[in-house]
Structure formats: C-alpha cells, structure tokens
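A short worksheet on the structure shown next.
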Amino acid sequence: VLSSPKSKSLILCDVPGLIAGASEGIGLGHAFLRHVERCHVILHLLDSTSEDVIGDYAMINRELLNYGTGKLATMPQVVVVNKLDIAFGNEMEVDEADQDDSSSKKRFRSKAELEEKLREVIPHSRLMWISAKEGEGVDDLMERVAMFVKKVKEINASTE
C-alpha cells in the first residue's frame with residue numbers, strides 16, 4: 001500500500017520476473033498473471049539500462065495477450081522507464097561495433113532517442129520517466145497513477 005500527500009492510498013501489485021512463456025505456465029507465470037487479473041491498471045516498469053528495452057516491453061505485452069482470453073492486454077497501462085540516473089551517462093558506453101541500425105536490440109544514447117522508439121510501439125500516451133534510486137519523478141508518478149486508477153475505477157463502475 002502506497003500513499004502520497006495529495007492522494008489516497010494506492011494498492012500496488014508487484015509482478016517480478018515475468019519471463020517469456022509465462023502465459024503458457026513457464027516459471028511462476030500463471031500465478032503472477034492470475035494475480036494481475038484483479039488489478040485496474042498495469043504499471044509497466046522498464047529498465048532503461050536493459051540491452052533490449054523495446055524487446056522487454058514487447059515480450060511482456062505478448063505474455064499479457066497470450067494469457068487466458070487476452071483480457072490482460074486490453075487493460076489500461078502506464079509505461080514507466082526507470083534508472084534514468086545511469087542510463088545515458090558514462091556508465092552506459094555504447095559499443096558501436098555491437099550495434100547496427102537494423103538490430104532490434106539497441107542501447108540508446110539519449111532519453112529522446114529511447115522515447116522516440118517507445119512512442120512508436122506504445123499504443124497510448126502514458127509514458128513516464130523516473131530514477132527510483134534518486135527518487136526523481138517517483139512522487140509525480142504515484143500521484144498520476146493514483147488519479148488514473150481512480151478514473152479507471154469510476155469508468156468501470158459506471159459500465160457495470
């Protein structure tokens with residue numbers, strides 16, 4: 001349970017380590033995905049230091065689509081890119097020889113470059129950026145997510 005000064009409490013469901021094949025029962029996939037079915041909004045956390053941020057995003061969404069009836073893939077999402085404190089600095093040297101533009105796996109040189117690629121694959125505009133370690137953007141994220149969850153709950157209640 002999380003609460004912020006500007007919003008009521010918000011219950012978050014953490015689904016760690018969802019892997020490819022989870023929708024077919026690989027790993028703890030079914031247990032995790034069954035838990036997600038009770039949620040109102042999926043907060044999709046991406047690691048900006050990953051070797052394949054776009055692929056990571058696509059894999060999770062494939063698992064959501066392939067699980068059960070595919071209902072999870074239609075749930076509202078907020079995409080959050082984390083680790084901005086180290087993603088585009090000297091710690092993340094990009095090896096030019098390992099990357100050609102045709103590869104789907106790519107480390108990005110800037111936030112703007114990653115954002116452009118994410119906007120091409122995300123079917124909505126709910127994209128946020130944080131550094132959990134430094135606390136940057138976290139309060140804003142929680143407030144916005146709390147407001148969005150409230151809105152989704154109200155819409156769901158009015159259509160039931």
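The values are calculated or read from the model by the stated rules, or taken from the named source; none is laboratory data. Quantities reported herein were computed from a predicted structural model and do not represent experimental measurements. Positions of Cβ are generated from backbone atoms using ideal geometry, with glycine treated the same way; all protein chains shown enter the neighbour counts. For the accessible areas, the whole protein counts, side chains as well, though only heavy atoms, and no ligand, DNA or RNA atoms are used. Shrake-Rupley method; radii C 1.70, N 1.55, O 1.52, S 1.80 Å.
Matching residues to (1) modelled with pLDDT of 85 or more; (2) in contact with a Ser or Thr (Cβ under 9 Å, 6 or more places away or on another chain); (3) over 26 Å from residue 131 (Cβ atoms):
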site: 11; (1), (2), (3): no, no, no
site: 26; (1), (2), (3): no, no, yes
site: 44; (1), (2), (3): yes, no, no
site: 49; (1), (2), (3): yes, no, no
site: 52; (1), (2), (3): yes, yes, no
site: 60; (1), (2), (3): yes, no, no
site: 66; (1), (2), (3): yes, yes, yes
Residue pairs within 6 Å by beta carbon, gap of at least six or interchain, first lying in segment 127-139 and on the phi > 0 side of the Ramachandran plot, second assigned to a loop (DSSP other than H, G, I, E, B) and modelled with pLDDT of 95 or more, listed first then second, are 137/130
Within segment 51-66, the residues that are open to solvent by 20 Å² or more (accessible area, probe 1.4 Å) and either among the aliphatic types (A, V, I, L, M) or not in a helix (DSSP H, G or I) (or both) are 51, 52, 54, 58, 59, 60, 65
